[in-house]
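Visitor: Pasting a structure below so you can have a look.
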Amino acid sequence: MSNLQLAIQFFLQIAIILAACRIVGIVARWIGQPQVVAEMITGVLLGPSVFGLWLPELQQFCFPWDVSQSSRDTQSYLFPASQLGLALYMFVVGLEFRIDIVRRFLHSSIAVSVAGMATPFVLGGTLAYALHRSTDLFPEATSLLEACLFLGASMCITAFPMLARIIHFKGLAGTRMGTVALGAGAIDDAAAWCLLAIVLASFSGNFQSAIGSIVGGAAFVVFAFAVVRPLLKRFSQRFLGEDGEVSETGLVAAIIWMSLAAMTTDALHLHAVFGAFIAGATMPRPLVNRQVIERIQPLTVALLLPLFFTYSGLNTRLSLLNTSTLWLVGLAVLAVAIIGKGVAGWAAARATGIPHREALGIGTLMNARGLMELIIINIGLERGIISPELFAILVVMAIITTLMASPIFEWLYRTQGLPQIEDEMSLAVHRDLQTRNAGV
């Protein structure tokens, strides 16, 4: 394709993706699901599993896809555009992250994180051992150790951006439940990406690369908070114009910092989303971060994130799950995911003194995998660590565990009332969110 043809194709795809996401979103709201869940489902619907099954020629026309990547097609622009959407959204999540509240419940976040890492990792590794020995769901090039590490890491993942959006949608910002879940999710995902770095290094035979990724990532976090954050705070007034609003220069400077941070963690093989999150967490508060959110979030959520879900959906082929054995494997993966993450998270929260209702909510939030699961399994598919069949199974697991979150929260709201708000500022934010969400 020429550049002009690629541009025409891209604009057509944007129109189709956004229209489909809104239509599915209307249905999702009827059953109490947030828009982000609708976007996950829409991504699969637009791929070969549904659209391509019923109208293959039209689907290929709208989303030309060369598996061999020998020609310029949808992947040429949809992948980088989706990565930009992820980075910008994680930047917003970092901007909204309340480090002060996390400190209050650090012991609970760590306990939930450890339980939510160790249990699913052991269960996932055990399942991978059985699958590697008795099925062909892992390619021949994937060793037993690599299979166990990868599936274990996949089970450890929490949908951090998804979790943040559900917390926002439900008005849980500033609550103990939302804060513990966010803290534990951040720790879990960072650790899971370190595990993934080890798997990828093992796959390439270069363990020094994995060590470099982990050490480099830790050094970047220290640099960001010890050096960049004080500098940003010192010069924060220069981000503002005469009217007290964030200036265009200030907004550009924030995006430059986000881009450099995302580039750094991407270069360290820890993915751009973590660099973007750290960049957001280091921005001056409260005025600058709030106004930057207002400037960045609308376009990111409305336009760029749906592109990522569609990109993942185009890689998902549910038609490959054509035997009872594969569906049984899918049920086993789902059971391991729920027990390892949801139940373990609930138990750890209860053990640290959190009431049963809030502990159940935390376990439910930790069990939602969505966005981050799609990221990690896309990497596994691209690197040849897992087969397309196992990729499809993991996509189904990610969707189901994420779909579970909202109904359980609705039940908690109806039967037990809202969770405790931790301070007056959070209470005001909570009431504002409740008012806005009620009008959606």
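The values are calculated or read from the model by the stated rules, or taken from the named source; none is laboratory data. Every value quoted in this text rests on a predicted model; they were computed, and no experiment measured them. Backbone-built Cβ (ideal geometry, glycine too); neighbour counts: all protein chains shown.
Visitor: Can you tell me which of GLU294, GLU242 is over 19 Å from the mean Cα position of the chain (by Cα), outside any loop (DSSP other than H, G, I, E, B) and acidic (Asp, Glu)?
Guide: Only one candidate passes the filter, namely GLU294.
Visitor: What are the residues in the range 268-291 that are of a type in the set (A, V, I, L, M, F, W, C), more than 14 Å from the chain's Cα centre (by Cα) and under 28 Å from ALA392 (Cα atoms), if any?
Guide: Residue satisfying the conditions is LEU268 alone.
Visitor: Here's something else I'd like to know. Taking interchain pairs and intrachain pairs at least six residues apart, which have beta carbon atoms under 7 angstrom, with the first residue in the range 212-226 and polar (S, T, N, Q) and the second part of a helix (DSSP H, G or I)?
Guide: That search, which allows pairs on different chains as well, returns SER213/ALA197.
Visitor: Only one of (1) in a helix (DSSP H, G or I); (2) in contact (Cβ under 8 Å) with a residue 60 or more places away in the chain; (3) within 20 Å of the chain's Cα centre (by Cα) fails for GLN33. Which number is that?
Guide: (1)
Visitor: Of the residues THR135, THR119, which single one is over 30 Å from ALA302 (Cβ atoms) and over 22 Å from the mean Cα position of the chain (by Cα)?
Guide: None of the other options fit; the residue is THR135.
Visitor: Here are VAL221, VAL215: which of them is of a type in the set (A, V, I, L, M, F, W, C), loosely packed, with under 12 Cβ neighbours inside 10 Å and either under 29 Å from the mean Cα position of the chain (by Cα) or closer than 18 Å to ILE293 by Cβ (or both)?
Guide: Being of a type in the set (A, V, I, L, M, F, W, C), loosely packed, with under 12 Cβ neighbours inside 10 Å and either under 29 Å from the mean Cα position of the chain (by Cα) or closer than 18 Å to ILE293 by Cβ (or both) holds for just one of VAL221, VAL215, which is VAL215.
Visitor: Here is a list of conditions, (1) over 16 Å from ALA184 (Cβ atoms); (2) touching a Gly at 6+ places or on another chain (Cβ under 9 Å); (3) at pLDDT below 85, and ASP100 meets all of them except one; can you say which number that is?
Guide: (2) is the only condition that ASP100 fails.
Visitor: Sort through ALA28, ALA87, ALA7, ALA81 and tell me the only one that's surrounded by fewer than 16 Cβ atoms within 10 Å (Cβ to Cβ) and aliphatic (A, V, I, L, M).
Guide: ALA7
Visitor: Quick check: anything in the range 237-244 modelled with pLDDT of 80 or more and of a type in the set (Asp, Glu)?
Guide: Among the residues of the range 237-244, not one is modelled with pLDDT of 80 or more and of a type in the set (Asp, Glu), which makes the answer no.
Visitor: Do the conditions hold for SER319, that is, is it part of a helix (DSSP H, G or I), under 26 Å from VAL24 (Cα atoms), in contact (Cβ under 8 Å) with a residue 60 or more places away in the chain and more than 23 Å from the chain's Cα centre (by Cα)?
Guide: So SER319 fits the description; yes.
Visitor: So how many residues does the range 344-400 have that are free of Cβ contacts under 8 Å to residues at least 60 places away in the same chain, surrounded by fewer than 24 Cβ atoms within 10 Å (Cβ to Cβ) and assigned to a helix (DSSP H, G or I)?
Guide: Residues meeting the conditions: 5.
Visitor: Also, quick follow-up: Take the residues in the range 1-16 that are touching a residue at least 40 places away in the same chain (Cβ under 8 Å) and of a type in the set (S, T, N, Q), then tell me which one is nearest to GLY47 (Cα to Cα).
Guide: Restricting to residues being touching a residue at least 40 places away in the same chain (Cβ under 8 Å) and of a type in the set (S, T, N, Q), the top hit is GLN13.
Visitor: Take residues that are at pLDDT below 80 and closer than 25 Å to ILE393 by Cβ and tell me which of the helices (runs of 4 or more DSSP H) falling wholly in the range 117-216 contain 3 or more.
Guide: Where helices (runs of 4 or more DSSP H) fall fully within the range 117-216 and carry at least 3 residues being at pLDDT below 80 and closer than 25 Å to ILE393 by Cβ, they are 160-169, 176-204.
Visitor: Does GLU96 fit the bill of being among the acidic types (Asp, Glu), touching a helix residue (DSSP H, G or I) at 6+ places or on another chain (Cβ under 8 Å) and surrounded by 21 or more Cβ atoms within 10 Å (Cβ to Cβ)?
Guide: no
Visitor: A further question follows. Taking only pairs six or more apart or across chains, which ones have beta-carbon atoms under 6 Å, a first residue in the range 123-150 that is β-branched (Val, Ile, Thr), and a second residue that is buried (at least 22 other Cβ atoms within 10 Å of the Cβ)?
Guide: Short answer, once both residue conditions are applied: THR142/ILE385.
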